[in-house]
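Notes follow once the structure below has been shown.
The values are calculated or read from the model by the stated rules, or taken from the named source; none is laboratory data. The structure presented is a predicted model; accordingly, all values stated were derived computationally and were not measured. Don't worry about glycine lacking a Cβ; one is built from the backbone with ideal geometry, like all the others, and counts go over all protein chains shown.
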Amino acid sequence: MFQYSIKRLAEAIPIWIAITLIVFLLMNFIPGDPVMQLMDARSGAMDEAIIEQIREEWGLNEPLHMQYLGFLQNVVQGDLGTSYQSRMEVTTILAERIPITVQITMLGLAIAIVVGITAGIISAMRRGSWLDTAVSSASIAGVSIPAFFLGLMLMYIFAVKLNWLPASGYKPGELKFLILPAITLGLSVSGVIARITRSSMIDVLKMDYMITSYAKGLSKYRIISVHAMKNALPPILTIIGVQLGLLLSGAVITETIFGLPGVGRLLIDSILQRDLPIVQGCVIFIATVFLLVNLFTDISCRLIDPRIRSNT
C-alpha cells in the first residue's frame with residue numbers, strides 16, 4: 001500500500017508542474033501591462049526609469065522561460081510572490097481567506113453527502129416507484145440548475161422574503177452567514193452523488209450474497225448499511241472526491257454572490273485588478289487541493305475494496 005501511495009504521488013507531481021506552467025502562461029498572455037495598469041490606478045505619471053526599476057523588481061524584464069523557472073522555484077519553496085496592488089505576500093493574503101472557503105466547502109460537502117447518498121439509497125430501494133421518479137427528477141434538476149441562479153433564489157426566499165438568514169456579508173464565528181452559501185454549493189452537486197449512489201446500490205443489490213443476506217433473515221437496515229453500502233462505496237467515494245474539487249471552483253461564484261471574503265472572491269477581485277501573483281496563487285491552491293483530494297480518494301478506494309488491490 002505504501003508503494004502504491006508513493007507511485008500515485010509521483011504521478012501527480014508532473015501534473016502539478018503542468019498546471020503551474022499553464023497558469024503562468026495564461027496569466028502572461030492576458031493583454032495589458034500590469035505595471036502600466038498599476039500606474040493608471042494610482043493616477044500618476046512616473047519616470048521611465050522608475051517603471052523599468054519596477055519591471056526589474058518584479059522580474060518582468062527577463063525572458064519568459066526564466067520567469068517561469070523562477071516562479072516554479074519560488075512556489076516549491078512556498079513563496080507565491082508579492083501582490084502588485086497591496087505589496088503583501090500572497091501566502092499571507094491566502095492564509096486570511098482560505099479558512100472561509102474551507103468552511104463553506106466542508107459544509108457544502110456535508111450537505112451534498114447527506115442529501116445525495118440518502119436520496120440515492122431511497123431511490124435504489126424503491127426502484128421504479130413514484131418515489132424513484134421524484135428523486136431522479138430532483139437529481140437532474142439539481143445538476144442542471146446553475147449555482148448562481150440557485151444562490152439568488154435561496155437568497156430571495158430565505159433572506160428577502162422570510163428574513164431568516166442574512167443575504168450577504170460575513171462575521172467571524174457566526175454560522176448564519178455560511179448557511180445559504182453552503183446549501184447552494186451542496187445542492188449543486190448532491191444530484192450527481194444521488195445518481196451515482198442509486199446506480200451503484202442497484203448493482204450491489206442484484207448480487208447473490210445480497211439475496212443470501214435476506215434469506216438469513218437479517219434486518220433491512222443491517223443489509224443496506226453494512227453489506228450493500230460497503231460494496232457500493234468505492235464509486236460513490238470517487239465521485240465525492242471529484243465533486244469536492246468542483247465545490248472549490250464553485251466557491252468562486254458563490255462567494256461573489258454572497259459577499260464572502262474567501263479565496264473565490266479574492267480570485268475575482270484580483271482578475272479585475274490584474275494582480276497576477278494573487279490570481280496564480282489562488283488557482284494553484286485550488287488545483288493543489290484538487291490533486292491531493294483525488295490522490296486521497298484513490299488510496300481510500302484501494303483500502304476499502306479488496307478487488308481493486310487484487311487488480312492493481
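Tabulated results
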item: Some residue of region 108-127 being in contact with a Pro (Cβ under 8 Å, 6 or more places away or on another chain) and within 16 Å of Ile193 (Cβ to Cβ); result: yes
item: Selection from region 87-130 of residues that are touching a residue at least 60 places away in the same chain (Cβ under 8 Å) and either in contact with a strand residue (DSSP E or B) (Cβ under 8 Å, 6 or more places away or on another chain) or part of a loop (DSSP other than H, G, I, E, B) (or both); result: Val90, Arg127
item: Residue count for region 219-251, restricted to those that are hydroxyl-bearing (Ser, Thr, Tyr) and at pLDDT 80 or above; result: 1
item: Hits in region 175-198 (condition: over 18 Å from the mean Cα position of the chain (by Cα) and within 15 Å of Trp164 (Cβ to Cβ)); result: Leu175, Lys176, Phe177
item: Residue under evaluation Gly81, criteria (1) modelled with pLDDT of 85 or more; (2) at positive phi, criterion not met; result: (1)
item: Residue in region 152-168 that is farthest from the chain's Cα centre (by Cα), counting only those that are in a loop (DSSP other than H, G, I, E, B), among the hydrophobic types (A, V, I, L, M, F, W, C) and surrounded by 15 or more Cβ atoms within 10 Å (Cβ to Cβ); result: Leu165
item: Region 15-24, subset of a type outside the set (Gly, Ala, Ser) and within 12 Å of Thr288 (Cα to Cα), residue surrounded by the most Cβ atoms within 10 Å (Cβ to Cβ); result: Thr20
item: Which listed residue, of Asn61, Asn28, Asn74, is modelled with pLDDT under 85, more than 30 Å from Glu174 (Cβ to Cβ), outside any helix (DSSP H, G or I) and out of contact with any strand residue (DSSP E or B) (no Cβ under 6 Å at 6 or more places or on another chain); result: Asn61
item: Count - residues of region 250-282 that are closer than 21 Å to Leu21 by Cα and either among the basic types (Lys, Arg) or not assigned by TED's automatic domain parsing to the domain that holds Leu109 (or both); result: 1
